[in-house]
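Asks: Just dropping this structure here.
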Amino acid sequence: MKRISVIGSGHVGLVTGACLAELGNYVILVDADAQKITDLARGVMPFYEPGLDELVRRNKERHRLAFTTSIEDGVKNSEIIFVCVGTPQKANGEADLSYVEAVSREIARAMDDYRAVVEKSTVPVRTGGWIKRTIKLNSSQAIDFDVISNPEFLREGSAVKDFLQPDRVVIGVETERAASIMRQLYEPLGAPILVTNIETAELIKHASNSFLALKISYINAIANICELVGADVVKVAEGMGYDKRISPAFLNAGIGYGGPCFPKDVAAFIKIAEEAGYDFELLKAVQRANDLQRRHIVKKTRKAVWNLSNKTIGILGLSFKPNTDDVREAPSIDIIRELQQEGASIKAYDPKAIHNIREILPDVKYCDDPYQVAQDSDALLLLTEWDEFRDLDMARIKNLMGQPIIIDGRNIFAPARMKELGFTYYGVGR
Ligand SMILES: NC(=O)c1ccc[n+]([C@@H]2O[C@H](COP(=O)([O-])OP(=O)(O)OC[C@H]3O[C@@H](n4cnc5c(N)ncnc54)[C@H](O)[C@@H]3O)[C@@H](O)[C@H]2O)c1
């Protein structure tokens, strides 16, 4: 059993803390947001993530999880410190590392003995070096410590499972002591553990996320070609996916990637490369393709309903992907704004995300279910592939709509079946 503190109890920190507690460790969760800490201590989750509330409750009962707003408390009472604060995108595309720096200073001031400081936030290569320097400059005495890079690959919506059953664990270290601490922590998971130097570990995270973004943009480009030549991208992807070198994952054509990671990580990686002296043209093309893909669905809607002004467009799905209430950089935001600019009225439903998007998009009529959205709509636009949308009574939907038009941004409906029901159906790339 290790004593661990996790600084930043958000989507990554809270999952990390709860899962490490589940593995038998004693974990102190720290966050600057006092409301979040009060809520967590009362058992109220700050966001929706399947299985997380149960994990937090169980480990709180076992007295393996504690909550505080004080970094000092966390640092003084633990040997391993995970840094999981946000690294948002700045206007120029770079990652904003001010939270990471602020936390590093506070760790330095509170440290009174050896500590392993683990950088889990997604950070540009060489950030580990900056953390080390900051801690050295801000500690009052010469205390031994290690900085470790341990990038996180969990996906929102399946975060608990991803943490506890990862494809791999990546650890970037400078000392054998640090490697041994991290191995002990992660060995119970039974996953391959890759130990590298700090810079390599940091780079693995940006290289992985950017590759996934590239794969999405690639299949979206293929989808656009399919639309021009009358091919079916779903079948093309299936045909490609059988090839083990390609794999079927991340070959679902759609409206482009969004969320708190891919857009900012791609932008940050372009900047990192630029600063290192490499023009990452390939990733810039990925970024452009993704922007175009969002606009493409608006164009398709315009084509389907003719004039957008005074039309009512129903939106199914607002979160950036299913099984999360996270709407950061969700494609739905840009798409709805563009439709509104052209004079359309928007009705929308999402199983979990309405409370988060209401402030960002106040001029939308939010509905309690998909059938309310369908009522009198001139077209239905599906933007997030929640499972509940797959089981809708589509005959009922058709009868409720003003015009039976479906624009399926995630290709979840069978085109032939939609046609049979009397819908005019538009998918992506088919
Ligand atoms: N969300 C994901 O799916 C995901 C996956 C892998 C990696 N990451 C990376 O993990 C990092 C965190 O992302 P997230 O989605 O968990 O962000 P988040 O916004 O959900 O959580 C960050 C938390 O840090 C807290 N915080 C900020 N400054 C602090 C300070 N000085 N002291 C204490 N707490 C502070 C915030 O209050 C917030 O609760 C980012 O670098 C992100 O790129 C995210």
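Asks: Could you give the dipole magnitude of the stretch 2-112 about its Cα centre, charging the beta-carbon of Lys and Arg +1 and that of Asp and Glu -1, in debye to the nearest 20?
Replies: Values: 13 positive and 16 negative charges, 69 e Å.
With Lys and Arg at +1 and Asp and Glu at -1, about 340 debye.
Asks: How many nm is it between the label spots at K76 and S180, if each spot is 7 Å from the Cα in line with the beta carbon?
Replies: Label-label distance for K76 and S180, simple model: 2.9 nm.
Asks: Mind sorting D291, D326 by how few other Cβ atoms lie within 10 Å of their own Cβ, fewest first? Write down the numbers at each step before the final one.
Replies: Values: D291 13, D326 22.
Taking fewest neighbouring Cβ atoms as first place, the list is D291, D326.
Asks: Next question. What FRET efficiency do you get for N307 and E275 if R0 is 41 Å and r is their Cβ-Cβ distance, rounded to the nearest 0.05? Don't skip to the end; give the middle numbers.
Replies: Numbers: r = 47 Å, r/R0 = 1.14.
Taking R0 as 41 Å, the efficiency between N307 and E275 is 0.30.
Asks: Sticking with this structure for a sec: Using the Cα atoms of the stretch 14-90 to build a convex hull, what is its mean projected area in square nanometres? Spell out each step's value before the answer.
Replies: On the way: hull surface 22.5 nm².
So the Cα hull casts an average projection of 5.6 nm².
Asks: Another one. Viscosity 1.002 mPa s, temperature 20 °C: Stokes-Einstein D of the chain from its Kirkwood Cα radius, in µm² per second? Kindly include the intermediate steps, with their values, before the conclusion.
Replies: Values: Rh = 23.2 Å.
D = 92 µm²/s.
Asks: Let me see the P(r) profile for the stretch 57-172: every Cα-Cα distance counted, bins of 10 Å, each bin given as a percent of all pairs.
Replies: Reading upward from the zero bin: 12, 39, 36, 13, 0.
Asks: Could you line up S345, S9 from fewest to most neighbouring Cβ atoms inside 10 Å? Mind dumping the intermediate values first?
Replies: Working: S345 18, S9 27.
Least crowded to most crowded, the residues run S345, S9.
Asks: Same structure, new question: Quote to one decimal, in nm, the extra length available between E187 and I143 on full extension: 0.36 nm per residue of separation minus the C-alpha distance between them. Write out the running numbers ahead of the final one.
Replies: Values: separation 44, 0.36 × 44 = 15.84 nm, distance 2.77 nm.
Net length gain for the segment: 13.1 nm.
Asks: Using Cα-Cα distances under 8 Å and only pairs 6 or more residues apart, what relative contact order does the chain have, in percent? List each step's numbers first, then the result.
Replies: Working: 866 pairs, mean separation 51.2, N = 430.
Once normalised by length, the contact order is 12 percent.
Asks: Sticking with this one: Percent antiparallel among DSSP beta bridges with both residues in the chain, to the nearest 5? Don't skip to the end; give the middle numbers.
Replies: Values: 2 of 45 bridges.
The antiparallel fraction comes to roughly 5 percent.
Asks: Could you compute Rg(Cα) / (2.2 N^0.38 Å) for the stretch 122-185, with N its residue count? Intermediate values should be presented prior to the final figure.
Replies: Numbers: Rg = 14.4 Å, N = 64, 2.2 N^0.38 = 10.7 Å.
Working it through for the stretch 122-185, the quotient is 1.35.
Asks: Further question: Straight-line reach from K419: which lysines have a Cα under 20 Å away, not including same-chain ones fewer than 8 places off?
Replies: In chain and number order, the partners are K235, K300, K303, K398.
Asks: Let me ask something else about it. Remind me, what semi-axes does the stretch 313-430 give for its equivalent ellipsoid, largest first in whole Å, using sqrt of 5 times each Cα gyration tensor eigenvalue?
Replies: 21, 15, 13
Asks: Once the stretch 235-329 is represented by equal point scatterers at the alpha-carbon sites, with solvent omitted, what log10 I(q)/I(0) does the Debye formula produce at q = 0.24 Å⁻¹?
Replies: One equal scatterer on each Cα of the stretch 235-329 leads to -1.22.
Asks: I need the calculated FRET efficiency for the pair V195 and A285, taking r as the beta carbon distance and R₀ as 45 Å, to the nearest 0.05.
Replies: Working: r = 34 Å, r/R0 = 0.75.
E(calc), rounded to 0.05, equals 0.85.
Asks: Quickly work out the R57-to-Y242 label distance, labels modelled 7 Å from Cα along the C-beta direction, and quote it in nm with one decimal.
Replies: Placing both labels 7 Å along Cα→Cβ, they lie 4.6 nm apart.
Asks: Roughly how many whole Å is it from the C-alpha centroid of the stretch 96-159 to that of the stretch 190-206?
Replies: 16
Asks: Output ³J(HN,Hα) for the stretch 346-352: one whole-Hz value per residue in order, computed from phi by the Karplus curve 6.51 cos²θ - 1.76 cosθ + 1.60 with θ = phi - 60°, and x for Gly and Pro.
Replies: Residue by residue, the stretch 346-352 yields 10, 10, 8, 9, 9, x, 10 Hz.
Asks: Need the full-extension length gain, D112 to Q340, defined as separation in residues times 0.36 nm minus the C-alpha distance. One decimal, nm.
Replies: Working: separation 228, 0.36 × 228 = 82.08 nm, distance 5.63 nm.
Additional length available on full extension: 76.4 nm.
Each value in this text was obtained by applying a stated rule to the coordinates, not by laboratory testing. Please read these numbers as outputs of a predicted model, since none were measured by experiment. Reconstructed Cβ throughout: ideal geometry from the backbone, glycine too, with neighbour counts over all protein chains shown.
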